[in-house]
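> Quick one: this structure, given as structure tokens, is what I'll be asking you about.
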Amino acid sequence: MRPSVLITGAYGGMGRATAKALSDSGFRVFALDKTIGAQEENILPIEADITSEDSVRNAFRKVSEATDCLFAIIHFAGIYMLDSMAEIDTADFERIFKINLGGVFLVNKTFLPLLKKGSRIVITTSELAPLDPLPFTGIYAVTKSALDKYAYSLSMELQLLDIKVSVLRAGAVSTGMLGVSTDQLDRFCQNTNLYTCNAARFKKIVNSVEARSVEPSKIAEKVIRILGKSKPHFAYSINRNPLLLMLNALPKRLQLWVIKQVLTKI
């Protein structure tokens, strides 16, 4: 019988590519998302909202009717948000945490009974997770940093049950998320009352960073390699941006000075 895996955000760019690759590699995939497609060979769609406890429990019932064991839970569900920490709407602030962090927590807690010794959890965080946030991407980076720390705490605990937890810190990936990023940056530049000049300059930086993206298939290949390791590492990175790494290597005070010069210099 094929080993079973659960993928959240299974109909987004990275999730879809990974579901197809795992199916082709001999896995049965439970593809969980808010908007799903038709059933395919070895890919079983499950409609669910990861921020709703009732919805996740209903998804658990459907999966547990088909199997009593998951080899892996792979997390791709999440949203991108760009705003200033001084202007962001309170509801948006709460929403991104509820999805990016709370959804992962809720799925892992609910589906834990299906994980056995040797099972895996792979959580997609972000290249930004271990780095210092850039201006206007702070809210997204903060949620991914919190998710990264949650994953490490979970790893410390689940190792006692012989369940491995890894994070995949991906840089820019060619998915619909990049379009969302561009749209949100355009909207922010139009609506901000505090950073009009700064935001316009920042848009040029974001466009140059996102131009160096990888295809979702590269993420799928990395996930398959992680699942194939008997002793996976905690963190895996893909498509790291050299400019971000160089900036992060500077002392905090110098980072602040560089950003101020870049975004305010006429």
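> Within the range 133-140, does at least one residue satisfy the condition of being open to solvent by less than 20 Å² (accessible area, probe 1.4 Å), modelled with pLDDT of 85 or more, part of a helix (DSSP H, G or I) and of a type in the set (Gly, Ala, Ser)?
Yes, there is a match, as at least one residue in the range 133-140 is open to solvent by less than 20 Å² (accessible area, probe 1.4 Å), modelled with pLDDT of 85 or more, part of a helix (DSSP H, G or I) and of a type in the set (Gly, Ala, Ser).
> Also, I was wondering about something else. Quick one: is residue 168 in contact with a Lys or Arg (Cβ under 9 Å, 6 or more places away or on another chain), at pLDDT 80 or above and outside any loop (DSSP other than H, G, I, E, B)? Break it down into steps so the answer makes sense when it comes.
Details: in contact with a Lys or Arg (Cβ under 9 Å, 6 or more places away or on another chain): yes; at pLDDT 80 or above: yes; outside any loop (DSSP other than H, G, I, E, B): yes.
Against the criterion (in contact with a Lys or Arg (Cβ under 9 Å, 6 or more places away or on another chain), at pLDDT 80 or above and outside any loop (DSSP other than H, G, I, E, B)), residue 168 qualifies.
> Still on this structure, I have one more. Considering the range 104-120 alone, what residues qualify as being over 13 Å from the mean Cα position of the chain (by Cα) and of a type in the set (Val, Ile, Thr)?
Answer for the range 104-120, where residues must be over 13 Å from the mean Cα position of the chain (by Cα) and of a type in the set (Val, Ile, Thr): 107, 110.
> Give just the number: which of (1) β-branched (Val, Ile, Thr); (2) under 11 Å from residue 8 (Cα atoms); (3) open to solvent by 50 Å² or more (accessible area, probe 1.4 Å) does residue 107 not satisfy?
If we test residue 107 against (1) β-branched (Val, Ile, Thr); (2) under 11 Å from residue 8 (Cα atoms); (3) open to solvent by 50 Å² or more (accessible area, probe 1.4 Å), just (3) comes out false.
> Can you go through 90, 35 and tell me which one is surrounded by fewer than 16 Cβ atoms within 10 Å (Cβ to Cβ), among the β-branched types (Val, Ile, Thr) and under 20 Å from the mean Cα position of the chain (by Cα)?
35
Rundown of residues vs (1) in a helix (DSSP H, G or I); (2) among the β-branched types (Val, Ile, Thr), yes/no style:
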| site | (1), (2) |
| --- | --- |
| 103 | yes, no |
| 106 | yes, no |
| 113 | yes, no |
| 122 | no, yes |
| 142 | yes, yes |
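> Right, another one. Can you name the condition, by its number, that residue 56 falls short on among (1) on the phi < 0 side of the Ramachandran plot; (2) open to solvent by 10 Å² or more (accessible area, probe 1.4 Å); (3) over 16 Å from the mean Cα position of the chain (by Cα)?
So residue 56 meets the others, but not (2).
> Checking the conditions here, which among 182, 196 is closer than 22 Å to residue 96 by Cβ and either of a type in the set (Asp, Glu) or modelled with pLDDT under 90 (or both)? Break it down stepwise before answering.
Values: 196 fails: closer than 22 Å to residue 96 by Cβ.
The match here is 182.
> Among the residues of the range 239-254, which ones are at pLDDT 90 or above and either basic (Lys, Arg) or not in a loop (DSSP other than H, G, I, E, B) (or both)?
Matches in the range 239-254: 249, 252, 253, 254.
> When the range 110-121 is examined, which residues are found to be open to solvent by less than 20 Å² (accessible area, probe 1.4 Å) and closer than 17 Å to residue 66 by Cα? Give the derivation first.
Quick first cut of the range 110-121, residues open to solvent by less than 20 Å² (accessible area, probe 1.4 Å) only: 111, 114-115, 119, 121.
Passing the criteria: 111, 114, 115.
> Got at least one residue in the range 80-87 being in a helix (DSSP H, G or I), touching a helix residue (DSSP H, G or I) at 6+ places or on another chain (Cβ under 8 Å) and surrounded by fewer than 17 Cβ atoms within 10 Å (Cβ to Cβ)? Quick ask: steps written out before the conclusion?
Step one: filter the range 80-87 for residues in a helix (DSSP H, G or I), giving none.
The answer is no, given that none of the residues of the range 80-87 is in a helix (DSSP H, G or I), touching a helix residue (DSSP H, G or I) at 6+ places or on another chain (Cβ under 8 Å) and surrounded by fewer than 17 Cβ atoms within 10 Å (Cβ to Cβ).
The values are calculated or read from the model by the stated rules, or taken from the named source; none is laboratory data. Note that the structure is predicted; figures quoted are calculated from it, not measured. We place every Cβ from the backbone using ideal geometry, glycine too, and count neighbours over all the protein chains shown. We work out accessible area using only protein heavy atoms, side chains counted, and drop any ligands, DNA or RNA first. Shrake-Rupley method; radii C 1.70, N 1.55, O 1.52, S 1.80 Å.
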